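Engineer: Attaching a single structure in structure tokens format; questions to follow.
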Amino acid sequence: MNERGSRRPWRRAAAALAALLATLLVTAATGCGAAPEPADGRPTGHTLTMWTRAATEAQTRRFIDAYNALGRNSVELRVIPNDTYQQQIATAAGGDNLPDILGSDVVYVQKFIEQGLLADITGRIDALDFADALVPAHLEVATAAGARHAVPHALDLSVLFYNRVLYERAGLDPDRPPRSLTEMAEHAARIQRLGGEVSGAYLAGQCQGCLLFTLWPSVWAGGGEVLSPDGTSAHLDAPEMAGVFAAYRGMAEAGVLAEGSRRESGATWITAFQTGNIGVAPMSSTFLGRIEEGERLRIGVAPIPGADGGASTFVGGDVVGITSTSRHPEAAWDFISWTLGEEAQLSVLAANSDVPARTDLADAPRVRANERLRTMSELVPLGRTPRAVEFGATFNDPQGPWLTLAHNAVFGPDLAAALAANDPLVDASLAR
Amino acid sequence: MSLPPASAAATPPASRRAGRRRRILVRITATGRHTTLLALAVLFLAPLLWTAWASVRGPRAAGGAEGVGLDNYRRLAEYGAGLPQYTANSLVVSLLTVAGTLTAATLGGYAAARFRFPGRDLLFLVTLGILMVPYPTLLVPLYVLLGRLGLENSHLGLALVLTMFQLPFALFMMRNAFDGVPRDLDEAALIDGCGPVRTLVRVLIPVVVPAMVTVGLFAFLASWNEFIAPLMLLSDDSLLTLPTALAAMRSSSHGAIDFGALQAGVIVSAVPCTALFLLLQRHYVRGFTSGALKG
Amino acid sequence: MPPTASPALFPAPPETARSRPSPRPGAGRRAREARTGIVLSLPLAAVVAVLFVVPVGLAGWMSLHDWPLLGAPAFSGGRNYALAVQDRLFVEAVVFTLKYTAVTTVVLLTLSLGLALLVQRPGRGVGLARTAFFQPAVVGLAVASLLWYVIFSDEAGPLGPLLAALGIGDGTVDWFGTPGAALWSTVLMITWRFAGFYMLVLLTGLQAIPDDVYEAARVDGAGWWRTLRHVTLPLLRPTLALALTLCVTGSLLAFEQFVLLTSGGPDNSTVTVVMTVYRQAFTLLDVGVAAAMSVLVALVLVVGNVVQLSILRERGDRR
């Protein structure tokens, strides 16, 4: 009794340990060996995994629901919080756990290509009938060394929002939005004079992503460049960029930028405009559906102008590609190419007031019927998407050098000093 | 509901042996002390009380009108995968952590206190070494490792990691608890023919239950409140625990942050811990006075 | 503060081996005892080995390699360490983290000591006051940060209007507008969150001081201040040192409070060391340098802890 009593737990534990080891071995073994894909014909019956960030969950989910209903393959979506998206991709890649299909904020895609996470799909893209119509700004950024690794998935454009109610009250023509930053400053000053709670303009001055999203189009509109073609250095101290900073700086000094601008981290970007107390502000096209109009606020939308004229937009949003570790690339492409088809673009994107990822659909009746959607779609060809491997670390990260530069360029004591002190840090970060 | 004295040896009131003059003085200072205590208590409680009040008040909470309502909680409940889901996730992770910690620490503490075996002191020292290594050093390799074990993005993997972080304290507590039990008790059982496991279950565990409650309480609070480990180890939005889901809610509502729902979330996360603490504070304080603190 | 903030209370393994040899040692019995001991400690050993020992080794290994997300790591010697110490953000973060640690430790421990002295003796309402002071400590640090994020906000926070009602300011306060403001606002939050915790730590030390010591001081005619300086504080030294270790370690590893409250701003003035490690690994996707940074942090902490513990032990011996 005594003997057996002390032995039994030992045996049981040993058995449990053996079972655990066996499980580990099996798990490790199934990691290798790719399932063969059919060489021709449509691949069916696969279960695909896809990751997307929370920001574009709605569009992606609609795509997937419609695709899964076709019964070809089944796509399973994992939604990842915006804040930890890059981190989750990194850790998943480190642990060899990437999904088949990877949605990515378009500005990060160069980094993911450099890290070897996305498969080359040049041949597949070229084989599409409408390859030339895919949003060129996105496609260009998804290209490295002539090879394409992703296609546009969801668009997010920067546009100028203005409050038609305040325009009327200030004696401005609500059908004539500003055509240059100079005009924008004049309009803002007129509106500011209305007094009370009203402010002329608003800027998300403590938000790195918002600042580049809303300021860079003004540089492009004026014919300038922000980044070098290979994305390893920036022209932030060039006259074009400095001119844009100076224009906003002028508004800040004149007191026509709302006080909250200085510390707006993006968290209450919409809220500020929603109050109806802001005259004009560059923001995101995706906000349109989230702002309620009323007696104090009727929204006007216009392209972002350059310092002295012109128009442009930042073509943000997501691209989607097949991971280099996917074991079902054929099936993954079946899904991706389906999302780009006319039917999916119109019934999933346009029907929900999202801008299609194909320029040839700007004239489709479904797009033309929706006035704001039409305005946005027409903006797409004017727009740009910056391309740099180290974009995320340099510009889109609160600890990157861009936020310090841009914030101080507009709100700091001295524009030239802010540029001189931080521009080398930006270049160093880009050239890493 | 008040925090008991941390030490069992209560000090006799100083005023007992003092003279009359002294008593008056004491009364004056006592009034001052009471006022100070009250003011400080209000200061410390105010942020949470204000948050609770603000979470049910105002137009966003009361359907557009001024007044009181639960709309903030309703919006919170509907966010993402839903509040019930996130709460369940937190519960699952916390309970798994408590179970894992109690199992490993009770068996390990029993072994360390009662059996002599090779590697015992090494195991004890290495376990305490967990306290010495900062967690970011561990989390990066841990993710890689959990991926290889097929435990990435899972509550089980997260709970195992949280269990590991709890073990130094838990093992220390449990070993002390077993050391505090007279050996005659289990030796009698062993002589009666019970094996070590039966001795543990029938004789020892009933005696060390208070220590287990303390260990379990610490493990629950720590895992319920943990932020960085789930942030890094869970990638699926629908698996997030409460604190990480709240942080995600804050960032995903970009442009129009929902302060009311955030406050509701803070209250929902804080209430279980507060309740548990008020209920079990004697056991919590034991964690401080178990002798482990005396350096 | 580390996720293990509370358990970090228990640093020192006792020196003496606890179990006595069995009354009738025989070879067979000893072997059986050893076997039982090993089996019983298997779950513990498995968790510690797989989730602690292996990752620690892996971190060291990674720090010596170029570690691409996909593909084979390549040995790179001390290059990651060189890059880590040359990294401007890392160096600035080290400076800031030290400054934050100094400020937090002084503010927090002074206040906690004051609270502990206030509630040291039992009396009417003292238990309730202790509970009130301690209550914030059961709210998670991340949740506490989000709570204060709302309190500090222009839109929903009560502080601006409250100060305006007292005649200070115009209703909005920029709590994070300057580096100093951001630091002190965070320290305010941390003080609220942790003062009760350290009060409880110090209280255990205070209550271990025998009453007759105070009695003797009183007989000697020592006033409140002299009693504190010459009796309480010296006797409280081991507990104070422990609280100091906890507070310093926790503050050096600060993460949640700054990620959620300041995001490191303004102008990267409140970036902590752990934030740079996190950024290096997950924004720059440079796991090798991140591992090197965290190994450096670990070394500093281990050395610091060992020094601290040996000082503690020496003092304990001398007593």
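Engineer: Calculated from DSSP H runs of 4 or more alone, at -39500 (n - 2.57) each and per residue, what is the 222 nm mean residue ellipticity of chain A, nearest 500?
Structural biologist: One gets -12000 deg cm²/dmol as the mean residue ellipticity at 222 nm.
Engineer: Mind checking which helices in chain B clear 18 Å along their axis (Cα) and have mean Kyte-Doolittle hydropathy of 1.0 or more, DSSP H runs only?
Structural biologist: B:135-148, B:155-179, B:205-225, B:259-289
Engineer: Quick check: convex hull over the Cα atoms of the range B:80-294, volume per residue in Å³, rounded to an integer?
Structural biologist: Considering the Cα atoms of the range B:80-294, their hull volume per residue is 149 Å³.
Engineer: Could you give the angle, 0 to 90 degrees to the nearest 10, between helix A:329-340's Cα long axis and the longest principal axis of the Cα atoms of chain A?
Structural biologist: Taking Cα atoms only, the helix is inclined about 30 degrees.
Engineer: If each of B:ASP179 and C:ARG30 carries a label point 7 Å out from its Cα toward its Cβ, how far apart are those two points in nm?
Structural biologist: For the pair B:ASP179/C:ARG30, the computed spacing is 2.3 nm.
Engineer: Could you give the semi-axes, largest first, of the ellipsoid that matches chain A, computed as the square roots of 5 times the alpha carbon gyration tensor eigenvalues and rounded to whole Å?
Structural biologist: Its equivalent ellipsoid spans semi-axes of 45, 26, 22 Å.
Engineer: Turning to a different aspect of this structure: Roughly speaking, what is the stretch gain from A:ASP230 to A:LEU415, that is 0.36 nm per residue apart minus the C-alpha to C-alpha distance, in nm to one decimal?
Structural biologist: Full extension from A:ASP230 to A:LEU415 adds 63.9 nm.
Engineer: Here is a follow-up. Could you give the DSSP H helices of chain C that reach 18 angstrom or more along their long axis (alpha carbon positions) and whose average Kyte-Doolittle hydropathy is no lower than 0.0? Let's see the in-between values first.
Structural biologist: Working: long enough: C:27-40 (20 Å, -0.36); C:88-118 (45 Å, 1.69); C:179-207 (40 Å, 1.16); C:233-252 (27 Å, 1.49); C:287-318 (46 Å, 1.25).
For chain C, where a helix must reach 18 Å along its axis and average at least 0.0, the hits are C:88-118, C:179-207, C:233-252, C:287-318.
Engineer: So who's got an amide H within less than 5 Å of the one on C:HIS65, skipping anything under 5 residues away but keeping other chains? H placed 1.01 Å off N, in plane.
Structural biologist: Correct list: C:SER76.
Engineer: Here's something else I'd like to know. At a Förster distance of 41 Å, what's the computed FRET efficiency of B:ALA30 paired with C:LEU299, Cβ-Cβ distance as r, to 0.05?
Structural biologist: Calculated transfer efficiency: 0.20.
Engineer: Moving to a separate point now. Tell me, what is the FRET efficiency for A:GLU76 and A:ASP126 to the nearest 0.05, using R0 = 35 angstrom and their Cβ-Cβ distance as r?
Structural biologist: Between A:GLU76 and A:ASP126 the formula returns 0.75.
Engineer: Over chain A, what is the percentage of antiparallel beta bridges among all DSSP beta bridges, to the nearest 5? Mind showing how you got there, number by number?
Structural biologist: Details: 28 of 41 bridges.
Once the DSSP bridges in chain A are tallied, antiparallel ones form about 70 percent.
Engineer: Working from Cα positions, state the angle (0 to 90°, nearest 10) between the long axis of helix A:239-253 and the longest principal axis of chain A.
Structural biologist: 70
Engineer: Right, here's the next one. Around C:VAL289, with a cut-off of 10 angstrom between Cβ atoms, what is the net charge of the other residues, counting Lys and Arg +1 and Asp and Glu -1?
Structural biologist: -2
Engineer: How long is the range C:192-232 along each principal axis, judged by its Cα atoms, biggest number first, in Å?
Structural biologist: Extents along the principal axes: 39, 18, 10 Å.
Engineer: B:GLY255's amide H: which non-local residues (gap 5+, or another chain) put their own amide H closer than 5 Å, with H modeled 1.01 Å from N in plane and none for Pro or chain starts?
Structural biologist: Residues meeting the amide H criterion: A:ALA267, A:THR268, A:TRP269, A:ILE270.
Engineer: Can I ask one more? Tell me, in nm to one decimal, what length is gained between A:THR375 and A:LEU288 on full extension, where the rule is 0.36 nm per residue of separation less the Cα-Cα distance?
Structural biologist: Answer, rounded to one decimal: 30.1 nm.
Engineer: Could you tell me how many degrees, from 0 to 90 and to the nearest 10, lie between the Cα long axis of helix A:2-29 and the main elongation axis, the longest principal axis, of the Cα atoms of chain A?
Structural biologist: Computed tilt is about 60 degrees.
Engineer: Simple spin-label model, 7 Å along Cα-to-Cβ: C:LEU166 to A:LEU194 in nm?
Structural biologist: Reported label-point gap for C:LEU166 and A:LEU194 is 3.6 nm.
Engineer: On the principal axes of its Cα set, how long, how wide and how thick is the range A:283-407? Give whole Å, largest value first.
Structural biologist: So the extents along the principal axes, rounded to whole Å, are 52, 43, 28.
Engineer: Once the Cβ-Cβ distance between A:ALA147 and C:ALA49 is put in as r, and R0 is 51 Å, what FRET efficiency do you end up with, to the nearest 0.05?
Structural biologist: 0.70
Engineer: Using helices alone, what [θ] at 222 nm do you get for chain C, with -39,500 (n - 2.57) per DSSP H run of 4 or more residues, divided over all residues and rounded to the nearest 500?
Structural biologist: Taken over chain C, the calculation gives -21000 deg cm²/dmol.
Engineer: Ok, one more. Within the range A:214-250, name every residue whose backbone N is under 18 Å away from a label modeled 7 Å from Cα of C:ARG88 along the Cβ vector.
Structural biologist: A:232-238
Engineer: With the cut-off at 26 Å, report for the range C:78-318 the share of all Cα pairs above it, as a whole percent.
Structural biologist: 51
Engineer: Apply the Kirkwood formula to the range B:80-196: the hydrodynamic radius equals the inverse of the mean of 1/r over all pairs of different alpha-carbon atoms; give it in Å with one decimal.
Structural biologist: Working: mean 1/r = 0.0610 Å⁻¹.
Answer for the range B:80-196: a Kirkwood hydrodynamic radius of 16.4 Å.
Engineer: Another one. Given the protein assembly as shown, report the % of alpha carbon pairs whose separation exceeds 41 Å.
Structural biologist: Result for the distance tail: 46 percent.
Engineer: Separate question: What value, in deg cm²/dmol to 500, does the helix sum -39500 (n - 2.57) over DSSP H runs of n ≥ 4 give at 222 nm once divided by the residues of chain B?
Structural biologist: -23500 deg cm²/dmol
Engineer: Could the peptides B:168-177, A:76-85 be put in order, highest first, of the mean number of other beta-carbon atoms found within 10 Å of their residues? Could the numbers behind the result be given before it?
Structural biologist: Working: B:168-177: 26.6, A:76-85: 20.8.
Result, highest mean Cβ count within 10 Å first: B:168-177, A:76-85.
Engineer: Let me ask something additional. Find how much the distance from C:TRP184 to C:ALA72 grows on full extension, using 0.36 nm per residue of separation minus their present alpha carbon separation; answer in nm with one decimal.
Structural biologist: Stretched fully, the C:TRP184-C:ALA72 segment lengthens by 35.8 nm.
None of the figures in this text is laboratory data; all of them are computed from the coordinates on show. Please read all numbers here as calculations on a predicted model, not as lab measurements. Note that we place each Cβ from the backbone using ideal geometry, even for glycine, and neighbour counts take in every protein chain shown.
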